[in-house]
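Each value in this text was obtained by applying a stated rule to the coordinates, not by laboratory testing. Here the structure is a predicted model, which is why all the values come from computation and not from measurement. No Cβ is skipped: glycine too gets one built from the backbone with ideal geometry, and neighbour counts run over all protein chains shown.
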Amino acid sequence: METAILIDILVQLAALEEERELFSVGGRAAEHPAALPEIDREIQRLTALVPDPTRRRLLRFRERGKRAVLFAREDACEGCGAVLPPADALGVRRGSRVVRCLQCGSFLVHRPWR
Ligand SMILES: [Zn+2]
């Protein structure tokens with residue numbers, strides 16, 4: 001799979017996992033009972049497109065109830081706060097390669113402009 005396509009899928013997964021987490025708090029899931037299963041289906045659909053070993057790593061994170069793909073925030077991991085080495089930070093910003101946090105192992109992507 002081309003890196004650009006894989007990164008694009010990871011960006012979508014990061015957005016879905018974030019949405020899922022937001023839905024899981026504050027009673028929103030109760031207000032919109034169809035939303036969570038819908039998000040989960042889309043996460044599963046996209047994950048199935050990802051080649052191994054990346055897919056296996058994604059699944060391992062979710063088995064532990066954790067988000068597998070996070071948005072980098074100011075060149076740091078959104079999950080554990082570890083600062084990315086310059087080469088990784090550049091890779092994330094450019095979307096030129098798949099980057100994982102050296103500390104927690106999460107996949108990191110750049111938040112797209114909205
Ligand atoms: Zn991390």
Distance (nanometres) between label positions extended 7 Å along Cα→Cβ at Val83 and Glu42: 3.5
For Val99, distant residues with modelled amide H under 5 Å away: Leu108
Paramagnetic reach from Glu2 in the range 76-114 [backbone N under 16 Å; point 7 Å along Cα→Cβ]: 95-98
Cut-off under 5 Å, modelled amide H: who pairs with Ala76 long-range: Leu84
Angle in degrees between helix 3-24 and the longest Cα principal axis of the chain, rounded to the nearest 10: 40
Cα-based helix-to-principal-axis angle, 35-49 vs the chain, degrees rounded to 10: 40
Average projection area in nm² (convex hull over Cα atoms of the chain, one quarter of hull surface): 7.3
Loop-located trypsin sites (Lys or Arg not before Pro) in the range 1-85, at most 11 other Cβ atoms within 10 Å (DSSP): Arg64
Difference of contour (0.36 nm per residue) and Cα-Cα distance, Glu63 to Leu49: 3.2 nm
Debye, to nearest 20: dipole size of the chain, +1 on Lys, Arg Cβ, -1 on Asp, Glu Cβ: 280
